[in-house]
Structure formats: structure tokens, C-alpha cells
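Below is one structure, written out as C-alpha cells; comments come after it.
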Amino acid sequence: MGIPIKVHITFLLILPIFALVFATNPQPYGFADIGSPVMTYGLSLLTTILLFVCVLLHELGHSYIAKGYGVEIKDITLMLLGGVSSMEEIPREPSHEFKMAFAGPLVSLIIGFVLLGINIAIASSVPSYNTTWVYLMVNILATINIVLAIFNLIPAFPMDGGRILRSIFARKMSYIKATHYAASVGKMFAFLMALVGVVSNLWLLLIAFFVYMGASEEDKSTTVTVSLEKYMVSDIMSEDVISVQPEMTVEELSHFMFENKHLGYPVIKGNSLKGIVTFTDIRNVLPHERYAVLVSDVMTTDVVTLPSSASAAEAFRIMTINNIGRILVMDNDNVKGILSRTDLMRSLMLLNE
Ligand code: ZN
């Protein structure tokens, strides 16, 4: 599908942990009593890898539907708590979001029941099949896929069920309100989970915390995005752009910054943009080098720009994804203005008031 698949560093941690769990669990959910240690650990590792292939297929289920609706998928990352698809935007059309959110758990359910069916079919015709390692592995994968599907259908952000719930609410009310209600249901679930967790299982308490944070995060970020969507970059950008020359020394630039009180400037030579230089770029230059190092040596040449007609929400998203503090606004190679995170935050504050 043309989607890069990445592995997060925390994934390397979860791989041996899962393998160890399978290796120490007895039948029917582990290989502790299957035979030699090599066999036990080998099968456990193989099962863990196959399990994450299933998680990946779950994510690809979401991606497949999303791509069909024209949503750009940046990548899929496998990490500690499963997989994450980073999408450029979540479809706002309720029926699209519903199908997209449901696709993942559906893939897990199909894998789970197909594997379960295969095991039952073979076990009924081949005697003593249910004592073999193949049976065990298929059984473990089937069970976990079904549990994964059910867990993801819990109607709470950040699980898929939270999105499904929002898409159902969004048919009858605004997107912000629907998100708010869905997040409230998620928080309620988190409280219930925490209560049960305190008296039974501390892991549940941890998951409850994770669900609560996910729900409030989704609520906040949706409010920000939807409020900013009504505005264009040109509405909130600063129009008088102060630029600097690439031949300026870092020493000169630091004085310039102090006088002008901005922390980032486009670097312009003649009429063309060469890069952007910020406080972060010069703070690591050693004091005795400040007279020799030029702006062109430390500036970022890969400048993120947006046209003035882009939406403010788009600018916010790009700043967040790239973790940058300002975006240069350009129309046909001409610098029109600069939009900083501070500009965005001030506008948001005023909009909320
Ligand atoms: Zn999912």
C-alpha cells in the first residue's frame, strides 16, 4: 500500500517479554511443557513475532479503509502497546470514521475466528492434534486476536471503540461535542477500570490511567483543531517579516535577536530564501566560535512553508508533527509572513474566550 512500517525502540523491549510469558506459561496458552528449552523458547519467539504480524494486519485494516477515503498515512509504527498509524488527518465524515475505526478490530476478529476454525476442524479429524505445538500456537494466536478485537472495541479513546462511539454521536451533533461526549464515556470507563484494578489487578490500574489520558488528549486536540479550521494562516500570521543575511556571524545574530525580540528569522539572499535560523540553532555554538561561525553554517535549509491560504489547523498540525516553533508563509516563492507557535496559541486563547 506504499506505507512505511517502522519499529519503535520500545518494541525491542516487548518482544522478549512476550516471548518469556509464552515460554513460562503452561498449555494451552504457553509452551513451558512442550519439550526441550530450545523448542520452548524458539516457539515462544516465533509466536510473538506472528502476534505482531497480526497487530500490523489490524493497523493495515485501518489504513486500507482510510486510504480509500483519500487520507494520507504517513507511517505505521510498532511499539510497546501495539501498533499506531499516523495519519495526516482523521476523516471527519461520521460514516467514514466509523468504517475506518471498525476495520482494525474486524481484521483481528476475522484472523481470530479463522484460526480457531482451522484448529477445531483439524482436531476433529486428526487424533492427538491438540497436543502438538502447531495446535498450541494457532490456539494462542486465535485467542489473543479475539481478545485484541474486544479490547479495542471498548468505547473509550484511544481505543478504536472511542472513535466508533464518536462517529455515532457525530451523526446528531457537532464534531467537537461528539468528541467531548465520547471522551466523557472513555473517562467513565477509565474510572470503572481503575476501581476494579485497585481490588484485583494493578495492571488494570495502569491501563485505566492510559485510557484516561488518551480520552482527555483527544478531547483537547480536537477542540484546538476544529477551532483553528475556520481561520486561514493569513488571518493570524505576522506580516512584517524581519529577515537576516546568510553572511551574518552568530555573534551579530545574537545581538540582532536581542534587539528584535524574535527567536527565529528567515535567511534571505537577494530575493531567494536560503533557510531559517532560530535560537536553538545558535545556542550550542561555543563562545569563542561566535565570531567565526556564520548564519549559513548553522541555519536549517529544509524550511517548512505553507501558502497564506492554508488553514490555521493545518499549520498547527505541521508544527506538532515536525516539532517546530514557526512556519514561513510563502506564496509563489515570495515570503508573505511568518506564523509562530506563540501566534497560534494567542489566537486560540482569544477564540476560546
Ligand atoms: Zn485499531
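The values are calculated or read from the model by the stated rules, or taken from the named source; none is laboratory data. Since the model is a prediction, treat every value here as computed from it, not as a measurement. Don't worry about glycine lacking a Cβ; one is built from the backbone with ideal geometry, like all the others, and counts go over all protein chains shown. Just so you know, the surface numbers come from the protein's heavy atoms only, side chains and all, with ligands and any DNA or RNA stripped out. Shrake-Rupley method; radii C 1.70, N 1.55, O 1.52, S 1.80 Å.
Taking Ile176 and the conditions (1) in a helix (DSSP H, G or I); (2) within 16 Å of the ligand (Cβ to nearest atom); (3) closer than 22 Å to Asp219 by Cβ, which numbered condition does it fall short on, given that it satisfies the others?
(2)
Among the residues of the range 207-258, count how many are closer than 25 Å to Ser167 by Cβ, of a type in the set (Asp, Glu) and open to solvent by 40 Å² or more (accessible area, probe 1.4 Å).
2
Does at least one position in the range 158-169 carry a residue that is within 19 Å of His62 (Cβ to Cβ), aliphatic (A, V, I, L, M) and outside any helix (DSSP H, G or I)?
yes
Which count do you get for residues in the range 54-70 that are away from the ligand (no atom under 15 Å from the Cβ) and either outside any helix (DSSP H, G or I) or farther than 14 Å from Glu97 by Cα (or both)?
2
If I filter the range 4-23 for residues that are hydroxyl-bearing (Ser, Thr, Tyr) and either over 30 Å from Ala101 (Cα atoms) or not assigned by TED's automatic domain parsing to the domain that holds Gly104 (or both), do I get at least one hit?
Step one: list which residues in the range 4-23 are hydroxyl-bearing (Ser, Thr, Tyr), which gives 10.
Subsequent filtering for residues that are either over 30 Å from Ala101 (Cα atoms) or not assigned by TED's automatic domain parsing to the domain that holds Gly104 (or both) retains none.
Looking for residues that are hydroxyl-bearing (Ser, Thr, Tyr) and either over 30 Å from Ala101 (Cα atoms) or not assigned by TED's automatic domain parsing to the domain that holds Gly104 (or both), one finds none in the range 4-23, hence no.
Of the conditions (1) in a helix (DSSP H, G or I); (2) assigned by TED's automatic domain parsing to the domain that holds Lys336; (3) within 33 Å of the chain's Cα centre (by Cα), Leu273 clears all except one; give me its number.
Result: Leu273 passes all but (1).
Is it fair to say Gly197 is within 16 Å of the ligand (Cβ to nearest atom), assigned to a helix (DSSP H, G or I) and either open to solvent by less than 40 Å² (accessible area, probe 1.4 Å) or closer than 30 Å to Val304 by Cβ (or both)?
No, not satisfied.
Condition check ((1) open to solvent by 70 Å² or more (accessible area, probe 1.4 Å); (2) among the small types (Gly, Ala, Ser)) across all residues:
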| position | (1), (2) |
| --- | --- |
| Ile14 | no, no |
| Phe18 | no, no |
| Tyr29 | yes, no |
| Tyr41 | yes, no |
| Leu46 | yes, no |
| Val55 | no, no |
| Gly61 | no, yes |
| Tyr64 | yes, no |
| Lys74 | yes, no |
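With the structure loaded, tell me whether Asp281 is charged (D, E, K, R), free of Cβ contacts under 8 Å to residues at least 24 places away in the same chain, crowded, with 17+ Cβ neighbours inside 10 Å and assigned to a helix (DSSP H, G or I) or whether it fails that test.
Criteria met by Asp281.
Give Thr301, Thr342, Thr280, Thr320 a once-over and let me know the one that is within 29 Å of the chain's Cα centre (by Cα) and under 17 Å from Gln245 (Cα atoms).
So the residue among Thr301, Thr342, Thr280, Thr320 that is within 29 Å of the chain's Cα centre (by Cα) and under 17 Å from Gln245 (Cα atoms) is Thr301.
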